[in-house]
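A.B. asks: Have a look at this one before I ask anything.
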Amino acid sequence: KFVYMMNTEQCLPDHLASSEAIGNATACDCEVMELSYKRPCNDTSLRHVEYLYGPSTSVGIGRNMLYEAAMARDQRFLYYIIMDDDVQLEAKDTLKIPNPWRAFERSLLLYEPAVAGSTWTTNGKRGDDCLWCLKTIFSDKKHLGCKFSSSSDFIPVVHFDAAFSAFHRRAAAHILPYVTTFENISVIFRQKIVVMKAEIMFRGSVVAHTSVTALNTKHRETVPKGKPSPSQMLTLLEVAEKGLPEEYKHSSVAREWREQGIEHAHVSSTLCLEPLKPLGN
């Protein structure tokens, strides 16, 4: 059902190779595809892990190579999960959720959102002290006067971090691959385009898990990360719209992006939408 894809230096990191994470194909009902960018991996002990080799490949280009390879397979996955190789998933309540990996996967099958991420933080900023944690999301919702509840596994968001995100196969066909034109300016730009496409086409079905956090333990991508200027945001929006079906171009959501710019993720009416309900409800 799932394929996990990531760039890594050589082989699957130990923390991901455990059965608690994605090291056991039966436990995760998954395949794993990795692009090794420093040295080839010759480890064949995990039969569900496939390695590609792309020396000195950038993150964006590497992810596109993995997605292209996954789409070339005869097998069609329900979710394409793209992540950083240093990510660890943590549960908000370890008593209720003993394994955040399995909990996230179960939620995907129960709700089938178009795009799902977790709340996100970097090492040293655990808890609520980060830009895209629940505290910030609920603060934005409160500021907008939204009614909100955390009873659902997923809540609608605009932004989802590139460190860990799952794309339903129907959504992936419209959102991916990544646009890598702006890699030398800022890697944030490629994710902004993905976020724009996702909200314009699938508003309300782009969600964050309320009980699982992705922890970037290293967050080591060393290329530029500057935020886009207002004029650059308009350029990114134009690029995003070019990759969408005609009926979504110049939509009301695109108009909000155009008017609100980089603040849109914090002030969008998307944040006031009802949480997703399980399929069949």
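A.B. asks: Would the stretch 173-281 count as rounded, prolate or oblate if I go by the C-alpha gyration tensor, calling it rounded below 1.5 in a/c and otherwise prolate when a/b exceeds b/c, oblate otherwise?
C.D. replies: oblate
A.B. asks: If the cut-off is a Cα-Cα distance under 19 Å, which aspartates and glutamates reach K242, setting aside same-chain residues fewer than 8 apart in sequence?
C.D. replies: List returned: E183, E199, E256, E259.
A.B. asks: What is the distance in Å between the Cα centres of the stretch 1-35 and the stretch 144-180?
C.D. replies: Centre-to-centre distance over Cα atoms comes out at 21 Å.
A.B. asks: Is the shape of the stretch 28-67 best called rounded, prolate or oblate, per the rule: a/c under 1.5 gives rounded, else a/b larger than b/c gives prolate, else oblate, with a ≥ b ≥ c the square roots of the Cα gyration tensor eigenvalues?
C.D. replies: Oblate is the answer for the stretch 28-67, as a/c is 1.5 or above yet b/c matches or exceeds a/b.
A.B. asks: Cβ neighbours within 10 Å, averaged per peptide: list 202-211, 84-93, 245-254 in order, most packed at the top.
C.D. replies: Ranking the peptides 202-211, 84-93, 245-254 by packing returns 202-211, 84-93, 245-254.
A.B. asks: A further question follows. Return one whole number: the accessible area per residue of the stretch 23-118 in Å², for a 1.4 Å probe.
C.D. replies: That works out to 47 Å² per residue.
A.B. asks: Based on DSSP, what percent of beta bridges with both residues in the chain are antiparallel, to the nearest 5?
C.D. replies: Taking every DSSP beta bridge within the chain, about 45 percent pair in antiparallel fashion.
A.B. asks: Before rounding to the nearest 500, sum -39500 (n - 2.57) across all DSSP H runs of length at least 4 in the chain and divide by the residue total; then give [θ] at 222 nm in deg cm²/dmol.
C.D. replies: Dividing the helical sum by the residues of the chain leaves -9000 deg cm²/dmol.
A.B. asks: Measure up K96/K141; K147/K197; K1/K141; K218/K249; K147/K225; K38/K96 against 29 Å on the Cα-Cα distance and list the ones that go over.
C.D. replies: Over 29 Å Cα-Cα: K1/K141; K218/K249; K147/K225; K38/K96.
A.B. asks: So what is the accessible area of the stretch 184-262 per residue, in Å², with the probe set to 1.4 Å?
C.D. replies: Here the per-residue accessible area is 46 Å².
A.B. asks: Please report, in whole Å³, the volume per residue of the convex hull around the C-alpha atoms of the chain.
C.D. replies: Spread over its residues, the Cα hull of the chain gives 135 Å³ apiece.
A.B. asks: Leaving out ligands, DNA and RNA, and with a 1.4 Å probe, what % of the accessible surface on the chain is carbon or sulfur?
C.D. replies: Solvent-exposed carbon and sulfur of the chain make up 50 percent of the total.
A.B. asks: If I model a spin label at T217 and L95 as a point 7 Å from the Cα along the Cα→Cβ vector, what separation in nanometres do I get?
C.D. replies: My value for the distance between the label points is 2.7 nm.
The values are calculated or read from the model by the stated rules, or taken from the named source; none is laboratory data. Here the structure is a predicted model, which means the values were calculated and not measured. Cβ: placed from backbone, ideal geometry, glycine included. Neighbour counts: every protein chain shown. Only protein heavy atoms, including side chains, enter the accessible area calculation; ligands, DNA and RNA are left aside. Shrake-Rupley method; radii C 1.70, N 1.55, O 1.52, S 1.80 Å.
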